[in-house]
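What follows is a single structure, written as structure tokens, with notes after it.
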Amino acid sequence: MEEPYFWYVFYVKTGTENRVVQDIARFADTKGLNADTVEPFCPQSEVYYRAARGKTQGKQYKKRPLFSSYVFVETRLDASEFLTEFGPLIYTSHDIIRILKSGANNIALPESERARLEFLLKGKRCVERSVGFIKGDTVTITAGPMIGCEGLITYINRHNRYADIEIDMFGSKTKARIALEIVEKS
């Protein structure tokens, strides 16, 4: 999207993220706002799982919401225009709990936090799996979107191939789970 643009974040009921994305897109369409003006999305993360049986037997990666209960809207509308256009949806939706704020009046995600998320998402709206190794107490990422972001990792589960990370969002730490394959530990 062309500069300037903003990210607004809705806190929604858990499990309704995809439905809220569709509701926002439909609502924007009825208001005459096209996809170039408003783009709702739910950031995804690859998650490793083992299928027990059947055709899907084996090891696979599936996508799930990166942040449970959060839906993002990328738009060129400033805060007052956004609230004017989407206020009716916020107050009438059963799935949207509230819009998140930074400070007293700022509802847009701060630019530094948005840049960090855009770096992790790599323009795909999904944090793909990363690959790395552990030497002593040091984690080194060799491939994937987490290269250079080793400091965000708070926990690694090698068996289930994931890492928990903490990301600044609206001035507080938000936890997320990403796929991380550790190929060697020494």
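The values are calculated or read from the model by the stated rules, or taken from the named source; none is laboratory data. As the structure is a computational prediction, the values presented were derived from the model and not from experiment. Note: ideal-geometry Cβ built from the backbone for every residue, glycine included; neighbour counts use all protein chains shown. When the accessible area is computed, the model is the full protein with side chains, heavy atoms only, and any ligands, DNA or RNA have been set aside. Shrake-Rupley method; radii C 1.70, N 1.55, O 1.52, S 1.80 Å.
Run down ILE96, ILE178 and say which single residue is under 24 Å from TYR5 (Cβ atoms), of a type in the set (Val, Ile, Thr) and in contact (Cβ under 8 Å) with a residue 60 or more places away in the chain.
Of the residues listed, the single one that is under 24 Å from TYR5 (Cβ atoms), of a type in the set (Val, Ile, Thr) and in contact (Cβ under 8 Å) with a residue 60 or more places away in the chain is ILE96.
Here is a yes/no grid of residues against (1) at pLDDT 90 or above; (2) of a type in the set (Ser, Thr, Tyr):
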| position | (1), (2) |
| --- | --- |
| ARG98 | yes, no |
| ALA104 | no, no |
| ALA115 | no, no |
| CYS126 | no, no |
| ASP137 | no, no |
| THR140 | no, yes |
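For region 116-137, indicate whether the set of residues that are over 20 Å from TRP7 (Cα atoms), part of a strand (DSSP E or B), over 21 Å from the mean Cα position of the chain (by Cα) and of a type in the set (Val, Ile, Thr) is non-empty.
yes
Say whether the condition of being in contact (Cβ under 8 Å) with a residue 12 or more places away in the chain, under 16 Å from ARG177 (Cβ atoms) and of a type in the set (Phe, Trp, Tyr) is met by at least one residue in region 62-69.
Scanning region 62-69, I find at least one residue that is in contact (Cβ under 8 Å) with a residue 12 or more places away in the chain, under 16 Å from ARG177 (Cβ atoms) and of a type in the set (Phe, Trp, Tyr), so the answer is yes.
Out of GLU74, GLU81, GLU85, GLU113, which single residue is over 19 Å from the mean Cα position of the chain (by Cα) and buried (at least 17 other Cβ atoms within 10 Å of the Cβ)?
Being over 19 Å from the mean Cα position of the chain (by Cα) and buried (at least 17 other Cβ atoms within 10 Å of the Cβ) holds for just one of GLU74, GLU81, GLU85, GLU113, which is GLU85.
With respect to HIS159, determine if the residue is in contact with a Ser or Thr (Cβ under 9 Å, 6 or more places away or on another chain) and either part of a loop (DSSP other than H, G, I, E, B) or free of Cβ contacts under 8 Å to residues at least 24 places away in the same chain (or both).
Criteria not met by HIS159.
Determine whether SER172 is touching a strand residue (DSSP E or B) at 6+ places or on another chain (Cβ under 6 Å) and at negative phi.
Criteria not met by SER172.
Would you be able to tell me the number of residues in region 21-47 that are closer than 15 Å to THR75 by Cβ and in a helix (DSSP H, G or I)?
So the answer is 6.
I need a count of the residues in region 17-47 that are open to solvent by 10 Å² or more (accessible area, probe 1.4 Å), in contact (Cβ under 8 Å) with a residue 60 or more places away in the chain and among the β-branched types (Val, Ile, Thr).
1
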